[in-house]
Structure formats: structure tokens, C-alpha cells
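Below you'll find the structure, written out as C-alpha cells, and then a few comments.
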2 protein chains.
Amino acid sequence: MVNGNDIIGVLGGMGPGAGIAMSEYIVNNTIAGRDQDHLPQVLFSLPGAIYDRTGFLMGKVKTNPAFRMAEILGKMEKVGVHVAGIACNTAYAPPIFDVLLNECNKKGITIRLLHIVEEVGFFIQEYYPWVKKVGVLGTRGTFITRHYDLLQRDFGVQTVYLTEKEQQRAHLSVYHPAYGVKADPVLVSSRARQIFESSVASLKKRGAEAVILACTEFPMISEDEYVEDMPMVNSSLALARALIREHSPGKLKPWGAACLR
Amino acid sequence: MVNGNDIIGVLGGMGPGAGIAMSEYIVNNTIAGRDQDHLPQVLFSLPGAIYDRTGFLMGKVKTNPAFRMAEILGKMEKVGVHVAGIACNTAYAPPIFDVLLNECNKKGITIRLLHIVEEVGFFIQEYYPWVKKVGVLGTRGTFITRHYDLLQRDFGVQTVYLTEKEQQRAHLSVYHPAYGVKADPVLVSSRARQIFESSVASLKKRGAEAVILACTEFPMISEDEYVEDMPMVNSSLALARALIREHSPGKLKPWGAACLR
């Protein structure tokens, strides 16, 4: 039998580039000298099946994407996944994530689903312990639901956000059909990059000591560890490292710049 | 129901970086303006389950990796995969691939499995039609079985190889536990890069007009489209584009440099 029930699952497709990046972080953050040392993982990237998360949170999409996500997790469990992460921050907003947990419960799915905000909290605590105030750079969905405020409650890390107007621009740097990173994750537009940089600068002005890339698309705009002398906390990478830790803690690479890709 | 039976499968893990690269090529070669336009795909990367392909061909590993690969394809079919590719050239060597087809047949697996050598043939025919002699740069397994000679028979393209001694060095640039690309696909060693370059130069001396990167790990050493003024034919990319063509021909990006990542 292949691998039993010991597989890491990445629920991707939101967007597809972000799911693949998370799979890649898992590989590149694993201590391994040959193929067979690497961890078993599957990536499910079924973007057409999953309604837009921010669209749902804003009332523009009626069906909760959680239902399809639960169906996919059911498929993952059938092939042996026992721990999984969702490569999308907006999917962790309570109006989606709580329904997802409830659906999994109803379907009898027992996959352990890690929580991206919690893992970002642990990540900051471990690698940037001096940070007490973080900027949250995410989609409009994440901006509205403020689910990153969990950091304040559970980790004593205060959150700061963009203004309403700045947030609109940041959202478009991901979603705009011409210059957004979802439209072309390979040749990132200079406009997306410029919005990213001015958003980071603005969060710094508001007191941020680090910035959470709280949309899995942002690391495709910039892979720099530091911008404006502040650490960029890559939420996908934090979740990928947590998946390794849960599966095989002894195989997690020590933290360093090489882990960023 | 999520996506029915319409999913592209990537059988990865050989090595894990090569499987992820193939998934990424599928995304980056698809015409799409938003998440939902992208094609449904799953990547199964279970490296611990699959015995080394070259090791088997050289008689150092007793069990044919084909058996585990067939089991994984069975799992893929259960979640809805209908067309798949294997992100490993050596797996297409007849002593492995023929057994795999036979196993799939016995198990009643009806996934359509594309053939990497055939797709490289179509790729050369379409994008580099003037090429009549190609260098084959692969693992020792591919060197021994010469399954790329199919190109001669079916596409009228002659193949040239490295010498025995050069081939040994090229193999180590992939497999060596210290400087091989499988050991660290992120920070590629200068030695691996240097062996790659001298191998390409040597194939050119032997009359090659293009070089097939006939191991899915080589594009991690070099992403350049041209080396020594010869096109580098990326076998993973050829297979990824073929998977798009089989699934949704209208969504295949026109060929150009932007498709290389």
C-alpha cells in the first residue's frame, strides 16, 4: 500500500500559483538528500470548483465556497491525507472557515486542518519575537472580517491595517484583470509591485514593525525577506513549515533565508 | 460534485521539485484571467513510495517502481483524473513504462497517460522544425535504455549522446548527495551548473542542433531557453503543454519565452 494515511494535503487553486508555491515551500523547507527523504504530499488545485472567497464575504457571490472545499477535503482524506492546509488566507475568515469545519464534521472528515492565522502567530513568536505590532496586508475579504485580530488575543501582537482607500488599491493589485497578480503571476506588473511597496510603506507609517503577507498571492509580487527594513511574514511559508512540523518535526529545516523559496 | 472526471493528474515526487515544476508549467501556460479560469489539476508527490528509477534500470534496486506508480494512478483515478503525465523521464524507459501500462491494464485504470518522449517529438516538430539532430541529456537510466531513440523512428530526428564518462558526470550533477540538484534544488551548486554547461557543449560538438533536457531535474539547473546558441528543449514543459492541449486546447498559451517558467 502506498504511504498509508500519512500524507500532507495542500488545498490549492485559490489561486493556483499560491497552492503550488505552498507545495514548493514544503519541499524546500524539508531536510532531504534524495527524493525518497521528502515528505508525501498531494496538491488539489480545482480552481473552477471554488467560488471566490472575497466575493462571497462581500455578498457578491451567494454560495459559500466552504461547501466545495469540504468536498475536496473529503477526496483528499480518501487518498490518505491526514493533515492539511488551505493555500488562501481569505478562506480562513470565520464566515467561510467555520462553515467548512462544520461541513467536515457533518461528513465525518477527520483531516486535521491547520489554521493559517495561528501558524503566522507561532511563526512571529519564534522568528521575530520582538515584533509587537504587525501590518496586515490582505484581500478585501480579510480586511472586512479582521480574522487576523486573533493575533492580538492569542499572541499579544497588535494588528494595523491600511485605510479603506489604500485597501481598495491593494486588493486590485491581486484581482485586477489587467495588472493584478492573479491575471499573470509570472510577469508581475510594475503597477502591482508599486501598489505593494506603497502599501508596505503606509503600514510602517501606522506603526507596523513587520508586515504579514496575508494573501497567498503577495509573495508572488515580492519574495524579499525585508522591505522598508521590516520583515515580510509570508503566511504561506508559515503554514507550509507548520505542515512539515506536524508531519515530521525532525525534517524541518532550520530557519534562514534559504527557506524563503 | 466537484469537477466530475475532468482533472489533470501530475504524478510527481521524482524528484518532488520536478513534479511541482510541472504543475507550475500547467498554470503558467494556461490562458486565464482569474482563478476560476485555470484548469483542474492534482499533483501526487509521494517520493518515499517510489523506488529510484535509474537504480532499478541498473539492477541496484530489485523492485520495479512501476508497481507503486500504478497504485498512485489508481488513487488519482478515484478522485477524477482522466489524463496524466509522469514528471520523470526515466520512468518512461520501457522496462518501467511497459510494466506500468500492463499494471494499469490489470487494475482496470483507464487514465490516459501521455508519453514524454512523444510529446517532446511533437514539441520539436512544432517549435523547432529545423532541428534534425538532438542531444539527449538525461540520467544514466535514460542513457542506457535509449528510449529517446523513438524520436528517430517517429519524428525523423536523430539523437546524439554524451560519452560514457561524460554521462557519469552528468548523472552525478543530478544525484550526487552533496552537489547534485536533487540534494538542494534551491541553491544549485556551481559544480552542477558547470557539468551542465560542459555537457551541452559536448553534445554540440557531436552535432546536436538542440538539447533535450531529458531529466526533469535539469531545468532546475538552468532555465535558459538557449545555451551555446542551441534551444534547450524542456521535456517537463513539453509534457505540461500537452496536458493542457488534451484537456482544453483553447486555453494553451501561444508559445513564447513567457511559457518557460
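For the stretch A:116-234, report the % of Cα-Cα distances exceeding 18 Å.
In whole percent, the share of Cα-Cα pairs in the stretch A:116-234 beyond 18 Å is 45.
Dipole of the stretch A:116-234, Cα-centred, from +1 at each Lys and Arg C-beta and -1 at each Asp and Glu C-beta, to the nearest 20 debye?
560 debye
Taking a cut-off of 43 Å, what percent of all Cα-Cα pairs in the protein assembly as shown are separated by more than that?
Of the Cα pairs, 15 percent sit more than 43 Å apart.
Given B:K75/B:K107; B:K62/B:K107; B:K78/B:K182; A:K253/B:K182, which pairs have Cα atoms separated by over 19 Å?
Violating the 19 Å Cα-Cα cut-off are B:K62/B:K107; B:K78/B:K182.
Just to be sure I understand the model, the point goes 7 Å from the Cα along the line to the Cβ. What's the resulting A:D98 to B:K251 distance in nm?
If labels sit at A:D98 and B:K251, their model points lie 3.4 nm apart.
How about B:K165: which lysines have a C-alpha closer than 20 Å to its C-alpha, ignoring those fewer than 8 places off in the same chain?
B:K60, B:K204, B:K205
Restricting to DSSP H runs of at least four residues, report the calculated mean residue ellipticity at 222 nm for the protein assembly as shown, -39500 (n - 2.57) per run over all residues, nearest 500 deg cm²/dmol.
Here the helix-only value at 222 nm equals -13000 deg cm²/dmol.
Residue by residue, what Karplus-based ³J(HN,Hα) values in Hz, rounded to whole numbers, does the stretch B:178-190 have, using 6.51, -1.76 and 1.60 with θ = phi - 60° and x for Gly and Pro?
So the Karplus estimates, Gly and Pro as x, are 9, 10, x, 5, 5, 5, 8, x, 8, 9, 5, 5, 5 Hz.
I'd like the accessible area for B:D224, computed on protein heavy atoms only with a 1.4 Å probe and all protein chains in place. Round to 10 Å², please.
Its accessible surface works out to 70 Å², give or take rounding.
Want the number for A:Q36 to A:K107: 0.36 nm per residue separation, take away the alpha-carbon distance, what's left?
Answer, rounded to one decimal: 22.2 nm.
For the stretch B:177-261, which chymotrypsin sites (Phe, Trp or Tyr not before Pro) pass both filters: DSSP loop (anything but H, G, I, E, B) and at most 15 other C-beta atoms within 10 Å?
B:W255
Compute the label-point distances linking A:E223 to its equivalents in the other copies; points lie 7 Å from Cα along Cα→Cβ; give nm, one decimal, shortest first.
Nearest to farthest, the other copies are at 0.6 nm.
Taking a point 7 Å out from Cα toward Cβ as the label site, list the nm distances between B:G59 and the same residue in every other copy, smallest first.
With the label placed 7 Å along Cα→Cβ, B:G59 yields 7.5 nm.
Calculate I(q)/I(0) for chain A by the Debye formula, one identical point scatterer on each C-alpha and no solvent, and give its log10 at q = 0.09, 0.12, 0.15, 0.16 Å⁻¹ to two decimals.
Scattering profile of chain A, log10 relative to I(0): -0.37, -0.67, -1.08, -1.24.
Using just the C-alpha positions of the stretch A:71-132 as equal point scatterers, what log10 of I(q)/I(0) does the Debye formula give at each q in 0.25 1/Å?
The computed values of log10 I(q)/I(0) come out as -1.06.
Got the relative contact order for chain B handy, in percent, Cα pairs under 8 Å and 6 or more residues apart?
Dividing the mean separation by the residue count of chain B yields 23 percent.
Mind listing the label-point distances from A:V186 to the same position on all other copies, shortest first, one decimal in nm, points 7 Å along Cα→Cβ?
2.4
For the stretch A:55-185, max minus min Cα coordinate along each principal axis, in Å, sorted largest first?
Over the stretch A:55-185, Cα extents along the principal axes are 42, 38, 26 Å.
The values are calculated or read from the model by the stated rules, or taken from the named source; none is laboratory data. For clarity, every value in this text was computed on a predicted model and none was experimentally measured. When we count neighbours, we look across all protein chains shown, and the Cβ atoms used for this are built from the backbone with ideal geometry, even at glycine. With ligands, DNA and RNA removed, areas are computed over all heavy atoms of the protein, side chains included. Shrake-Rupley method; radii C 1.70, N 1.55, O 1.52, S 1.80 Å.
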